[in-house]
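Visitor: Sharing a structure with you now.
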Amino acid sequence: DEFTPAAKAYLLETGGLLNVPQANQLKNPDSRFILDPSSGHRLLLEYADSYQGICTGDFPRFGRSFWEIAPITEDWKFQQTTVSETCPIGGISNVFFWQDGDGEFREYLTDRLGENGHGAWVRGLEAWGHRGICISQTGALNASLYLGEAFDNNAAVIIPKHEAHRAAIWAFCSSSEYSFEVRKVDQALKVTNITLLKVPFDLAKWQKTASDRYPAGLQANERFRLTDWIFSGSPVKTDQPLHAAMAILAAYRWPRQEGGSFLDYPSVSGDGLESHHDEDGIVCLASIQGEAPAADRLRALLADAYGAEWSATKQAELLAQVGYAGKSLEDWLRDGFFEQHCNLFHNRPFVWHIWDGQRDGFHALVNYHKLAAPNGDGRRTLEKLTYGYLGDWITRQRADQSNGVEGADARVAAAVHLQSELKKIIEGEPPYDIFIRWKPLHEQPIGWEPDINDGVRLNIRPFMTAKALNGRGKGASILRILPKGIKWDKDRGKEPHRAKEDFPWFWSWDGQTQDFKGGREFDGNRWNDLHYSIQAKKEARERQRETQSRQVTKK
């Protein structure tokens, strides 16, 4: 290792000398001292511009994975980020609560930076709508194609000055040679977006490379990950067809299916699978309320998707792909689907597997977007699950219990307990409540009244808290497994000043005491794991109404 003190000492004694003309150093970008001789080629900055992305300052508040929001409303902007390794398509899973630049994010920046401080964090808008290359500014400077949407401050975007040069610039930036050249100029942990352009670029060489490598151009094919905005929604155009099909059965639609479009990727029309959508987003594994079992419905959907290709062999092939070789769709839906779904969708699941803790008990795959629907529809969906589907299941098991059917006693007990837990979530007393740290106390949800904009992490908490009867380990929750890594302790960063009456948790809260009045001094720590009683929330709403009434009277 040439960078250890012992190695340096050895090289100083035994290494050769390198004669570097001083005049040549003045020709380097920013006159930086570079030992390797210059190639003599023009710099990349003569062919492209580079931009820094937006700094959100509070991603848990303003950032989401796109599948947490459905449909994607005009308040949200698709936001690209960096990739873990260089690839043509990647880093396209996020959305940003942009509100056309004039909403809550702007208010947050004003509180934090002052009215004129937005420019320090809101950057790169000039690149929006243009094709280019997205570069990580740290590590190996991994690259992906930039699709013209917003991008975050982990990335810099390179926009060619002429579209005809884009393929050549991509060929260069996606090569190991590019990172090597940048690191010759700057060895800092994070390089600036301008430094990314201060490297020699042999246009003719990379045009030839691009022509050989991409004879049909840079347009990628239509086979994408389910976690890409640009996925078309077709199960036959992804490497996860079973997961795509289950999402469709639960009535989920990808952005392009909802009318969204991207550069080179227009919206898509119906695929003939709409008839398989479950209207209320509740898909039970058993036949309940006249609906066929989930596995039968999933087979019918896949048969329509694959057409003449569908067969028992194709089904076996798809099950083998998800690690269920030799098993059935019923097995996968009951035991494997939800854990894989959580892993696939970054532990922000949008199809929730709710069960009573019994393998032969009540199981329902529920579309989270239906549970979090506005105007009370989400609450009504949960009530339908609790009193409708689960209620029918309990009635059936009690009939079996009366008839002496083996196992009915355990199924009745487990299902009744699940129903009681769901009722507690509907009512919303701690610890079955929802808490949103950026909302004042008078806007905190009372009972099950989630706001889908608040994201899965916060809205799923009551379901992770509720326990199945005698549940242990992975089966402790009324969710089939617990999504990994979801925590509600404290987010990074500090909050701008907030009024104590509206945000008591930012005032010297110690992470333990549920003190409605809060501490004595503002500290801005971003605590999330708080529980306020329904009574405290009602009192806060009444104070707010009184305050608003006085203000109206004064006017």
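The values are calculated or read from the model by the stated rules, or taken from the named source; none is laboratory data. Nothing here was measured: the structure is a model prediction, and the numbers come from that model. Here the Cβ is made from the backbone with ideal geometry for all residues, glycine too, and neighbour counts use every protein chain on show. Areas reflect the complete protein model, heavy atoms only, side chains present, ligands, DNA and RNA absent. Shrake-Rupley method; radii C 1.70, N 1.55, O 1.52, S 1.80 Å.
Visitor: Count the DSSP beta bridges whose two residues both fall in the chain, then state the antiparallel fraction as a percent rounded to the nearest 5.
Guide: In the chain, DSSP labels about 90 percent of beta bridges as antiparallel.
Visitor: At 222 nm, what value in deg cm²/dmol follows for the chain if DSSP H runs of at least 4 each add -39500 (n - 2.57) and the sum is divided by all its residues, to the nearest 500?
Guide: -9000 deg cm²/dmol
Visitor: Can you compute the modelled spin-label distance between residue 41 and residue 267, with each label point 7 Å from Cα toward Cβ, in nm?
Guide: Here the modelled spin labels are 4.3 nm apart.
Visitor: How high is the relative contact order of the range 456-508, in percent, with contacts defined as C-alpha pairs under 8 Å that are six or more residues apart?
Guide: Result for the range 456-508 is 23 percent.
Visitor: Apply 1/(1 + (r/R0)^6) to the Cβ-Cβ distance of residue 107 and residue 539, taking R0 = 30 Å, and write down the FRET efficiency to the nearest 0.05.
Guide: For R0 = 30 Å, the calculated efficiency reads 0.70.
Visitor: Something else: With θ set to phi - 60° and the Karplus curve 6.51 cos²θ - 1.76 cosθ + 1.60, what are the ³J(HN,Hα) couplings of the range 445-454 in order, to the nearest whole Hz, using x for Gly and Pro?
Guide: x, 10, x, 7, 9, x, 9, 4, 5, 7
Visitor: Here's a follow-up. Stretched out fully, how many nm does the piece from residue 300 to residue 523 gain, at 0.36 nm a residue minus the Cα gap? List each step's numbers first, then the result.
Guide: Details: separation 223, 0.36 × 223 = 80.28 nm, distance 5.64 nm.
Gain on stretching residue 300 to residue 523: 74.6 nm.
Visitor: Right, something else. Of 216, 276, 232, which is farthest along the charge dipole of the range 142-287 in the positive direction, counting Lys and Arg as +1 and Asp and Glu as -1 at C-beta?
Guide: The residue sitting farthest along the positive end of the dipole is 216.
Visitor: For residue 187 and residue 380, what is the calculated FRET efficiency with R₀ set at 51 Å and r taken between the beta-carbons, to the nearest 0.05?
Guide: For R0 = 51 Å, the calculated efficiency reads 0.30.
Visitor: Here's another thing I want to ask about it. Kindly flag which residue pairs out of 439/487; 439/537; 424/490 have an alpha-carbon separation exceeding 21 Å in this structure.
Guide: From 439/487; 439/537; 424/490, over 21 Å: 424/490.
Visitor: So how do 322-329, 245-252 stack up, highest first, on mean other-Cβ count within 10 Å?
Guide: Final packing ranking: 245-252, 322-329.
Visitor: Follow-up. May I ask you to order 198-204, 184-190 by the average number of other C-beta atoms within 10 Å around their residues, highest value first?
Guide: Final packing ranking: 198-204, 184-190.
Visitor: As a test of reading the structure, rank 73, 395 by solvent-accessible area (1.4 Å probe, protein chains only), most first.
Guide: 395, 73
Visitor: Shifting gears a bit: How large is the charge dipole for the chain, taken about the Cα centre, if only the Cβ atoms of Lys, Arg (+1) and Asp, Glu (-1) carry charge, to the nearest 20 debye?
Guide: Details: 67 positive and 75 negative charges, 162 e Å.
Result for the chain is approximately 780 debye, rounded to the nearest 20.
Visitor: Further question: If packing is taken as the mean number of other Cβ atoms within 10 Å per residue, what is the order of 308-319, 449-460, 377-388, 348-359, highest first?
Guide: Highest-to-lowest ranking by the protection proxy: 348-359, 449-460, 377-388, 308-319.
Visitor: Residue 130 accessible area, nearest 10 Å², 1.4 Å probe?
Guide: Spelled out: residue 130, probe radius 1.4 Å, area about 90 Å².
Visitor: Return the long-range amide H neighbours of residue 151 (sequence gap of 5 or more, or a different chain), with a cut-off of under 5 Å between placed amide H atoms.
Guide: 54, 80
Visitor: Next question, about the same structure. For the chain, what's the relative contact order in percent, using C-alpha pairs closer than 8 Å and at least 6 residues apart?
Guide: On the way: 920 pairs, mean separation 58.7, N = 555.
For the chain, the relative contact order is 11 percent.
Visitor: Taking the Cα atoms only, what angle lies between the long axis of helix 294-306 and the longest principal axis of the chain, rounded to 10 degrees?
Guide: Roughly 40 degrees, rounded to the nearest 10.
Visitor: Oh, and also: Which far-off residues, 5 or more places away or on another chain, put their amide H under 5 Å from the one on residue 132, with H placed in the peptide plane?
Guide: Correct list: 146, 148.
Visitor: Quick one: grab the alpha carbon gyration tensor of the range 404-468, order the square roots of its eigenvalues as a ≥ b ≥ c, and give me rounded if a/c is under 1.5, else prolate or oblate depending on whether a/b is larger than b/c.
Guide: Details: a/c = 4.00, a/b = 2.98, b/c = 1.34.
Judged from the Cα gyration tensor, the range 404-468 comes out prolate (a/c at least 1.5, a/b above b/c).
Visitor: How far is helix 534-554 tilted off the main Cα axis of the chain, in degrees rounded to 10, range 0 to 90?
Guide: Rounded to the nearest ten degrees, it is 70.
Visitor: Quick one: what are the phi-derived ³J(HN,Hα) couplings along the range 347-362, Karplus 6.51/-1.76/1.60 with θ = phi - 60°, whole Hz, x for glycine and proline?
Guide: 6, 10, x, 10, 10, 9, 8, 9, 9, 9, x, 9, 4, 9, x, 7
Visitor: In what order, largest first, do 438, 505 sit by accessible area if the probe radius is 1.4 Å?
Guide: 438, 505
Visitor: While we're looking at this one, here's another question. Relative to the longest principal Cα axis of the chain, at what angle does helix 408-427 sit, 0 to 90 degrees, rounded to 10?
Guide: Around 60 degrees separate the two axes.
Visitor: Please work out which option in [x] 138; [y] 182; [z] 229 gives volume of the Cα convex hull per residue in Å³ calculated from these coordinates, and answer with its label.
Guide: It is the value labelled [z].
Visitor: If you rank 243, 276, 497 by how much accessible surface each has, with a 1.4 Å probe, what is the order from largest down?
Guide: 497, 276, 243
Visitor: What ³J(HN,Hα) values, in whole Hz, does the Karplus curve 6.51 cos²θ - 1.76 cosθ + 1.60 give for the range 188-197 when θ = phi - 60°, with x put for Gly and Pro?
Guide: With the stated coefficients, the range 188-197 comes to 5, 4, 10, 8, 6, 5, 6, 4, 4, 9 Hz.
Visitor: Which shape class, rounded, prolate or oblate, goes with the range 295-335 when its Cα gyration tensor gives a ≥ b ≥ c as root eigenvalues, a/c under 1.5 marks rounded, and past that a/b bigger than b/c marks prolate?
Guide: Oblate, since a/c reaches 1.5 and b/c is not below a/b.
Visitor: Can you list the residues, at least 5 places off or on another chain, whose amide H is less than 5 Å from the amide H of residue 351, using H built in the peptide plane?
Guide: Under 5 Å from the amide H of residue 351: 368.
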